[in-house]
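Worksheet for the structure shown next.
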Amino acid sequence: MAAKTDPVLKYQQMSEYENKYLELGYQTIAGMDEAGRGPLAGPVVAACVILDPEKPVDGVNDSKKLSPKKRAELKKEIEEKAIGIGIGIVDERTIDEINILEATKLAMKMAFDQLKIKPEVLLIDALKIPQIPVMQEGIIKGDALSVSIASASIIAKETRDDILRKLDEKYPEYGFASHKGYGTAQHIQAIRTYGPLPVHRKTFIGKFIS
């Protein structure tokens, strides 16, 4: 059995990008990430998080590597300790109108705009957003390399999952609580059996209902 990574050490290792900018004299560094680019239904959600360097959130990691229980616990701790959190949500209709990449960028701009305190530096998972007027660094697989981006990924993922759980209550036959809108065999069969819903992305599901 592989040894468990010490969460304090992991947090320190994932603070490399934040520490680089702090050492250069910048005081507010934000991380940004999204959840929901690939699903067949529901919105894309982005989060922007400014962590407090004096209040580490040990255990933060790429949201995809965390259990639902751990993600929920960390989301609560991030909300309690962060200097600022912004969330942007772009619905399926807009995704169909402008495409998922542009919808993702729009959600990120919305998340940034929601921050009461604006960061001096923005770390983003892979992307850069020209419409956001601050210094940016796009980091490939940033949600596994930066505590700020990982924290944003947790907030975005949990926020979106909550939306899909509510959709499951409204449309129980589609199984949204389990697959969160992704194209599982169960979800595709439900679309074919019951038809598409208003929350389905029409540009994503065409091949499954032809």
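Observations
- Some residue of region 106-125 being in a helix (DSSP H, G or I) and in contact with a Phe, Trp or Tyr (Cβ under 9 Å, 6 or more places away or on another chain): no
- Members of region 48-78 that are free of Cβ contacts under 8 Å to residues at least 24 places away in the same chain and under 23 Å from residue 118 (Cβ atoms): 54
- Residue-level check: of (1) out of contact with any Cys (no Cβ under 9 Å at 6 or more places or on another chain); (2) modelled with pLDDT of 95 or more, residue 33 misses just (1).
- The set of residues from region 167-210 being within 24 Å of residue 87 (Cα to Cα), outside any helix (DSSP H, G or I) and among the hydroxyl-bearing types (Ser, Thr, Tyr) comprises just one member, 182.
- Contact map, region 134-147: first residue over 17 Å from residue 46 (Cβ atoms), second residue in a loop (DSSP other than H, G, I, E, B), Cβ cut-off under 6 Å, separation 6 or more or different chains; pairs are 140/126; 144/62; 147/14; 147/15; 147/60.
- Which numbered condition residue 10 misses (of (1) closer than 19 Å to residue 121 by Cβ; (2) part of a helix (DSSP H, G or I)): (1)
- Failed item in (1) among the hydrophobic types (A, V, I, L, M, F, W, C); (2) outside any strand (DSSP E or B); (3) in contact (Cβ under 8 Å) with a residue 60 or more places away in the chain; (4) under 30 Å from residue 191 (Cα atoms), with residue 89 passing the rest: (2)
- Boolean, residue 49 is in contact with a Leu (Cβ under 8 Å, 6 or more places away or on another chain), at negative phi and β-branched (Val, Ile, Thr): no
- Here residue 105 meets each of (1) touching a residue at least 40 places away in the same chain (Cβ under 8 Å); (2) more than 24 Å from residue 52 (Cα to Cα) with one exception, condition (1).
- Residue within region 156-166 that is at pLDDT below 95 and part of a helix (DSSP H, G or I) present: no
For (1) surrounded by fewer than 20 Cβ atoms within 10 Å (Cβ to Cβ); (2) over 13 Å from residue 153 (Cα atoms); (3) touching a Ser or Thr at 6+ places or on another chain (Cβ under 8 Å), each residue gets a yes or a no:
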position	(1), (2), (3)
61	no, no, no
65	yes, no, no
76	yes, yes, no
87	yes, no, yes
94	yes, yes, no
105	no, yes, no
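The values are calculated or read from the model by the stated rules, or taken from the named source; none is laboratory data. Model, not experiment: these values are computed from the prediction. Glycine gets a Cβ as well: all are built from the backbone with ideal geometry, and neighbour counts include every protein chain shown.
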